[in-house]
There are 2 protein chains.
Amino acid sequence: MQPGPISLEQACAKLAELWSPRVVGRVNDQYVKVAKVQGEFPWHTHEREDEMFLVLRGRLRIGREAADGGPVSVGPGEFFVVPRGLRHNTAAEEETWIVLIETVTTEHAGDEKTDLARSLEEQLRPL
Amino acid sequence: MQPGPISLEQACAKLAELWSPRVVGRVNDQYVKVAKVQGEFPWHTHEREDEMFLVLRGRLRIGREAADGGPVSVGPGEFFVVPRGLRHNTAAEEETWIVLIETVTTEHAGDEKTDLARSLEEQLRPL
């Protein structure tokens, strides 16, 4: 059991590395993760899993193909769910703090091979 | 697909009634809900589902039996996950705005019969 409340901002503040999500909680079959991002993460798809992005600070640009509605700009206090099967990327001009909620089996970069991808083992290291 | 980003604060601001969660999103098999609470909600248990509480404004007191660690006080930007099977209640002295993440099948008041319980149909009405 989680010993007490967890501050999402304080958890984010502990992150030393960009694009390296860390698990801070679990609800049912979903992990709650925090990440600091800036720059761009490659296009990829999660065939079987939706992915929720909640922005704490900064602004996250979620790229979608034009046919799927084009890019989405997510600001502080806003969330967006990328549905399974939708090819997407993420980008941020300034340092942006985000919360991710996704199924425990979700691969960081989905179907894409990239050096930016973090293993689940890395994401599970205590902050 | 969700048409665009959703502001959790703006969704909460639209709630007219206390203790009446409304679904604002879905990620995998979990609903994302917002609720305004003040006063106390009865003790109950969800036998098969964890329940995540994230506080936006105010302060939420989550009661747990002493043997389970006693009450938890959750402030703005903090979250706490009540694990399945744990008898709990929720209370707030001031008007408190929260986000709930829970399995789509979760009953509002779990095993407890109370007039405060809202049906899933009520929770799914557009805000």
For this session: May I ask you to find the residues of the stretch A:87-103 that are shielded by at least 20 Å² of accessible area once the whole protein assembly is considered instead of their isolated chain (probe 1.4 Å)?
Result: A:Ile101
Exercise. At A:Gly39, label 7 Å along Cα→Cβ: distances to the other copies, nm, ascending?
Worked result: 5.3
Exercise. Rg/Rh for the protein assembly as shown: what does it come to with C-alpha atoms and Rh from Kirkwood?
Worked result: 0.96
For this session: Just flag the GluC sites (Glu not before Pro) in the stretch A:59-127 sitting in loop per DSSP whose Cβ has no more than 16 other Cβ atoms within 10 Å.
Result: A:Glu65, A:Glu107, A:Glu112
For this session: Determine, from the Cβ-Cβ distance of A:Arg61 and B:Ala66 and an R0 of 45 Å, the FRET efficiency 1/(1 + (r/R0)^6), rounded to the nearest 0.05.
Result: 0.40
For this session: Extending each Cα 7 Å along its Cβ direction at B:Leu127 and A:Glu40, get the distance between those two points in nm, one decimal.
Result: 3.3
Exercise. Put a point 7 Å out from Cα along the line to Cβ at B:Gly63; what are the distances to that point in the other copies, in nm, shortest first?
Worked result: 5.2
For this session: Determine by what factor the alpha-carbon radius of gyration of the stretch A:8-123 differs from 2.2 N^0.38 Å, reporting the quotient.
Result: 0.96
For this session: Go ahead and estimate [θ] at 222 nm for chain B from helices alone: -39,500 (n - 2.57) per DSSP H run with n ≥ 4, summed, over the residue count, rounded to 500.
Result: -1500 deg cm²/dmol
Problem set entry | Nearest-10 value in Å² for the accessible area of A:Val104, using the 1.4 Å probe | 30
Problem set entry | Accessible-area ranking of A:Asp68, A:Asp115, A:Asp50, B:Asp111, largest first, probe 1.4 Å | A:Asp115, B:Asp111, A:Asp68, A:Asp50
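The values are calculated or read from the model by the stated rules, or taken from the named source; none is laboratory data. Keep in mind that what you see is a predicted model, and the values were worked out from it rather than measured. Please note: Cβ atoms are built from the backbone with ideal geometry, for glycine as well, and neighbour counts cover all protein chains shown. Ligands, DNA and RNA are excluded from the accessible area calculation, which covers all protein heavy atoms including side chains. Shrake-Rupley method; radii C 1.70, N 1.55, O 1.52, S 1.80 Å.
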